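Notes to accompany the following structure.
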Amino acid sequence: MAEVDGASPKGGCQGRPAVGFEPLLRMDPAQQRVGLCDEGIENALYASHSIRGCVGINLARGSTLDALTLRKICGLRDEHQFVERIFEAIKGPLADNGRAIA
């Protein structure tokens, strides 16, 4: 998480509170896995307890993500190469245990 913390969305005095960056990072693979567009995954977060659990969002404790926020996060992900940086960070510990990412 330290790799991407600098670009993490911060809560302001207006609008919805920031969700946090870990759920945002979990959102992309969940969205890809179920094959939904940004609006579709936004709706699924409200409708599906299992997707909320996978992403780490609890509606009783805070808000969820909207499609616009998801698009912004995808832009940040690409701009800052989060996926590549995360894979680089975990390659060493995996190799130490005789494992690799293809």
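Observations, loosely collected:
- Projected over all directions and averaged, the alpha-carbon convex hull of the range 60-102 occupies 5.0 nm².
- Charge dipole of the range 16-70 about the Cα centre (unit charges at C-beta), most positive-ward option of Cys54, Gly40, Met27: Cys54
- Using a simple spin-label model with pseudo-atoms 7 Å out from Cα toward Cβ, Asp78 and Glu22 lie 2.8 nm apart.
- Pairwise Cα inverse-distance average, inverted: Kirkwood Rh of the range 27-100 (Å): 13.9
- Placing unit charges on the Cβ atoms only, positive for Lys and Arg and negative for Asp and Glu, gives the range 39-93 a dipole magnitude near 200 debye about its Cα centre.
- Net charge over other residues, Cβ less than 14 angstrom from the Cβ of Cys74 (K, R count +1; D, E count -1): -3
Each reported figure results from applying straightforward, stated rules to the coordinates on display, with no laboratory input. Keep in mind the model is a prediction, meaning the values are calculated, not measured. Don't worry about glycine lacking a Cβ; one is built from the backbone with ideal geometry, like all the others, and counts go over all protein chains shown.
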